[in-house]
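Here the structure comes first, spelled out in structure tokens, and everything after it is commentary.
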Amino acid sequence: MKTKNLVHLELRDLILLGIIIAMKVILAQFSFGPAMVKVGLGFIGSVMLGYIFGPVWGSVGGGISDLVSSAIFGNQGGFFIGFTLTAMVGPLIYGLFFYNKEVKIWRIIAATILVTIIVNIGMNTLWLHLLYGVDFKVALIQRLPKETIVPWVQMVITYFVLQAISRVKMYK
């Protein structure tokens, strides 16, 4: 794929990007489940960004959504650029697996597991360690139970979201 095609966006695509960024910001405010395994819905926006816009614009959208969310809702403990990088890497991974590709179960599983390991376990635990001085191993052990359960719920939701989006794209 040519680089020009990766970075070129028409006005209607830019408007859609803004709408999905707004959806991601709003969805990130909602979660369900008990405290130990709370499933936030912000990942749906990341999946949509990666699927519709690919790794480049998906990452840009993820970063913008974090900045907008920080500006509107604030961050517990203040703004930290590490979490903006985290917000960019999720759509990047989803974009690498889903952009201009057929929806397959193995892609959903692989992308979700990679996002869980790299973003949720790796990067977020590192940021908590750097920000609050929490021992990395202790933070990792505390986060592992949730990160072994939540991805399976996310995979199911991701499957249905991608099915819905692919059907809408069919009628364009």
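Only one of the listed residues (89, 156) is closer than 24 Å to residue 14 by Cβ and in a helix (DSSP H, G or I). That residue is 89. Scan region 17-45 for residues that are out of contact with any strand residue (DSSP E or B) (no Cβ under 9 Å at 6 or more places or on another chain), surrounded by 16 or more Cβ atoms within 10 Å (Cβ to Cβ) and free of Cβ contacts under 8 Å to residues at least 60 places away in the same chain and jot them down. Once the filter is applied, which keeps residues that are out of contact with any strand residue (DSSP E or B) (no Cβ under 9 Å at 6 or more places or on another chain), surrounded by 16 or more Cβ atoms within 10 Å (Cβ to Cβ) and free of Cβ contacts under 8 Å to residues at least 60 places away in the same chain, region 17-45 yields 17, 20, 21, 23, 24, 25, 45. Looking across region 88-107, just one residue is modelled with pLDDT under 95 and in contact with a Ser or Thr (Cβ under 7 Å, 6 or more places away or on another chain), and that is 103.
The lone criterion from (1) modelled with pLDDT of 90 or more; (2) of a type in the set (Ser, Thr, Tyr); (3) open to solvent by 80 Å² or more (accessible area, probe 1.4 Å) left unmet by residue 132 is number (1).
Restricting to region 75-96, give me the number of residues that are open to solvent by 40 Å² or more (accessible area, probe 1.4 Å) and either touching a residue at least 24 places away in the same chain (Cβ under 8 Å) or out of contact with any helix residue (DSSP H, G or I) (no Cβ under 7 Å at 6 or more places or on another chain) (or both). Final tally of qualifying residues: 10. Can you find even one residue in region 134-153 that is in contact with a Phe, Trp or Tyr (Cβ under 8 Å, 6 or more places away or on another chain) and under 21 Å from residue 66 (Cβ atoms)? The answer is no; no qualifying residue exists.
The values are calculated or read from the model by the stated rules, or taken from the named source; none is laboratory data. The shown structure was predicted, so the numbers you read here are calculated from the model rather than taken from an experiment. When we count neighbours, we look across all protein chains shown, and the Cβ atoms used for this are built from the backbone with ideal geometry, even at glycine. Keep in mind that these areas ignore ligands, DNA and RNA; they rest on the heavy atoms of the full protein, side chains included. Shrake-Rupley method; radii C 1.70, N 1.55, O 1.52, S 1.80 Å.
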